[in-house]
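Everything on this sheet refers to the single structure shown next.
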Amino acid sequence: MQSKLALKIAYDGTRFHGYVRQPTVPTVEKSIIDLLLNKNIISDVKKAEIRCGSRTDKQVSALTNVMTFYSDTSAEEVLFSLSDEFDSIFPYGITEVDNDFNPRYAVSRSYHYLLPKRKFPIDTLQEALSLFVGKHDFSNFARIESHRNPVRVIDRIQVNETNDVAIVKITAQTFLWNQIRRIIEASIKYCKGKVTLDQIQNALDHPEESVDFNMASAIPLILTDIEYPNVSFFEPEELKQRRTLVESTVKQYLTNLAF
């Protein structure tokens, strides 16, 4: 009898053209699906009803994303069967879920954006970022698809320091396409004196007046957590620890990025 499984994965997004399967380029989803088929964990992609928690863009990494699918194979067998098969994807948790579980319906998602601390004073960065907390129309800070409501609620934005890196943590239930990278770029421009807080605030208050602050690099962006109510994952510590490889790899790229 088939069960619906939810698989937790981390990955180095710099090695992929995004999460979503594409026919001609390497993606996270395609890599996992190919292995699931090869190992007979699933036999048919359509019947497996594969879904994910977040469709991350090209070069965006993850410490936590969730993929669901139907399989005859037991949850633990699936996890350990996949755990050593990739060099840039790290499956580290799994659980059985109800048939009506949809990984898109998370209660919250958190992202980290890494910045070189020496270039961006924490207090100045926080000044700009604080403007985005709460409910806003983000038309000027996202790529808006015609069927999407541009209004979103950002629950928290925190800036923490570790060694030479400033870590911007942004939490919300849902995000728009490119929203975080556009928020970060506007905040970077404020730190550099290229825009004012009033200009950023005006772009939030008047979404009907088109303003383009451009978009920060995808490489320092990491999906760090997705939360679901009443769902507990089996996460062996030896597999979970491998997530640290993702963040350390992204930090190495910071020295080569122009901000």
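For the stretch 72-98, what are the residues that are in contact with a Leu (Cβ under 8 Å, 6 or more places away or on another chain), within 19 Å of V28 (Cα to Cα) and small (G, A, S)?
Of everything in the stretch 72-98, those that are in contact with a Leu (Cβ under 8 Å, 6 or more places away or on another chain), within 19 Å of V28 (Cα to Cα) and small (G, A, S) turn out to be S83, G93.
Over 27 Å from M215 (Cα atoms) and either modelled with pLDDT of 95 or more or aliphatic (A, V, I, L, M) (or both), is that true of I50? Walk me through how you get there before you give the answer.
On the way: over 27 Å from M215 (Cα atoms): yes; either modelled with pLDDT of 95 or more or aliphatic (A, V, I, L, M) (or both): yes.
For I50, the condition - over 27 Å from M215 (Cα atoms) and either modelled with pLDDT of 95 or more or aliphatic (A, V, I, L, M) (or both) - is met.
Could you say whether any residue in the stretch 87-100 is modelled with pLDDT under 95 and among the aromatic types (F, W, Y)? Steps first, answer last, please.
So the first thing to find is which residues in the stretch 87-100 are modelled with pLDDT under 95, and the list is 87-88.
Still in the list and also among the aromatic types (F, W, Y): none.
No, the stretch 87-100 has no match at all.
Would you mind listing the helices (runs of 4 or more DSSP H) fully within the stretch 190-259 where at least 1 residues are within 24 Å of A172 (Cβ to Cβ)?
By residue number, 197-205, 244-254.
Answer with yes or no whether A128 is part of a loop (DSSP other than H, G, I, E, B), in contact (Cβ under 8 Å) with a residue 60 or more places away in the chain and more than 24 Å from P26 (Cα to Cα).
When the stated conditions are applied, A128 does not pass them.
Which condition number does S130 fail, the rest of (1) more than 18 Å from N214 (Cα to Cα); (2) in contact with a helix residue (DSSP H, G or I) (Cβ under 9 Å, 6 or more places away or on another chain) being met?
The single condition S130 does not satisfy is (2).
Report, by residue number, each residue of the stretch 171-189 that is out of contact with any helix residue (DSSP H, G or I) (no Cβ under 7 Å at 6 or more places or on another chain) and in a helix (DSSP H, G or I).
I180, R181, I184, E185, I188, K189
Please count how many residues of the stretch 100-127 are under 19 Å from the mean Cα position of the chain (by Cα) and under 29 Å from F69 (Cα atoms).
Let us first name the residues in the stretch 100-127 that are under 19 Å from the mean Cα position of the chain (by Cα), namely 102-115.
Filter once more, so that each one left must be under 29 Å from F69 (Cα atoms): 102-112.
Selection size over the stretch 100-127: 11.
All but one of (1) under 28 Å from E237 (Cβ atoms); (2) over 18 Å from the mean Cα position of the chain (by Cα); (3) of a type in the set (S, T, N, Q) hold for S130; state the number of the condition that does not hold.
(1)
Can you tell me which residue within the stretch 137-176, out of those that are out of contact with any strand residue (DSSP E or B) (no Cβ under 7 Å at 6 or more places or on another chain) and touching a residue at least 60 places away in the same chain (Cβ under 8 Å), is surrounded by the fewest Cβ atoms within 10 Å (Cβ to Cβ)?
The selected residue is S139.
Looking at the stretch 206-247, which of its residues are free of Cβ contacts under 8 Å to residues at least 40 places away in the same chain, surrounded by fewer than 14 Cβ atoms within 10 Å (Cβ to Cβ) and closer than 25 Å to F120 by Cβ?
N214, T244 - these are the residues of the stretch 206-247 that are free of Cβ contacts under 8 Å to residues at least 40 places away in the same chain, surrounded by fewer than 14 Cβ atoms within 10 Å (Cβ to Cβ) and closer than 25 Å to F120 by Cβ.
Can you tell me which residue within the stretch 16-34, out of those that are of a type outside the set (G, A, S) and touching a strand residue (DSSP E or B) at 6+ places or on another chain (Cβ under 9 Å), is surrounded by the fewest Cβ atoms within 10 Å (Cβ to Cβ)?
Among those residues, the one meeting the criterion is V20.
The values are calculated or read from the model by the stated rules, or taken from the named source; none is laboratory data. Predicted model, so just to flag it, every value in this text is computed and none were measured. Glycine also receives a Cβ, built like all others from the backbone with ideal geometry; neighbour counts cover every protein chain displayed.
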